[in-house]
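Below you'll find the structure, written out as structure tokens, and then a few comments.
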């Protein structure tokens, strides 16, 4: 009986020490994690808006080239470089296995897509996870967000505002379509209202 009590006490002490250690690691690293998340967001904004780093840090270029405006829809990131006017915003929605979060950049003049960056996704590796691949994301470039996008298979034929789906990952491809078509609407309205102010 004493042996069992002693074993339980050892397990309780080890569990308590582990919990304290994990809490300490979380406390120490939370600022670093947040800084990395913010740096990743800045890099995604710059990439989606095609703003080059030219040997400078993301923070430096972001501070000089990007203007943040908080709207009812959410945060808008505007490129302030002349001849490179665009806006980017974060959108998300359900994918096949979990939420998909992305950054969409559009041209302010004609509301066409300038860039698309996948921030988070939990799709099937080798299939749906291919939505992160540059080749798939490039298919959206210069498609209008002012009218509905359609993701279609090559067999269906691709028209002007259509995007070819990833073979074997139609559901994930369609999820990206749905998120862009639905979640971008409030941001597009916010951009329109800011243009008229």
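The values are calculated or read from the model by the stated rules, or taken from the named source; none is laboratory data. Because the structure is predicted, anything quoted here is derived from the model rather than measured. Because the Cβ atoms are built from the backbone with ideal geometry, glycine has one as well, and the counts that use them run over all protein chains shown.
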Every residue from region 41-84 that is in a helix (DSSP H, G or I) and surrounded by 14 or more Cβ atoms within 10 Å (Cβ to Cβ): 41, 42, 43, 44, 45, 46, 47, 48, 58, 61, 62, 65
Region 143-155, residues that are in a helix (DSSP H, G or I) and in contact with a strand residue (DSSP E or B) (Cβ under 7 Å, 6 or more places away or on another chain): 154
Counted residues, region 109-133 - those being part of a strand (DSSP E or B) and within 17 Å of the chain's Cα centre (by Cα): 8
Candidates 119, 111, 104 - the one that is touching a helix residue (DSSP H, G or I) at 6+ places or on another chain (Cβ under 7 Å) and surrounded by 21 or more Cβ atoms within 10 Å (Cβ to Cβ): 104
Residues of region 165-197 satisfying the condition of being over 20 Å from residue 94 (Cα atoms) and either crowded, with 16+ Cβ neighbours inside 10 Å or within 16 Å of the chain's Cα centre (by Cα) (or both): 188, 190, 191
Residue identified as buried (at least 19 other Cβ atoms within 10 Å of the Cβ), in contact with a helix residue (DSSP H, G or I) (Cβ under 8 Å, 6 or more places away or on another chain) and part of a loop (DSSP other than H, G, I, E, B) among 140, 136: 140
Every residue from region 86-100 that is within 10 Å of the chain's Cα centre (by Cα), surrounded by 17 or more Cβ atoms within 10 Å (Cβ to Cβ) and farther than 14 Å from residue 115 by Cα: 100
Condition met for residue 158 (modelled with pLDDT of 90 or more, surrounded by 15 or more Cβ atoms within 10 Å (Cβ to Cβ) and part of a loop (DSSP other than H, G, I, E, B)): no
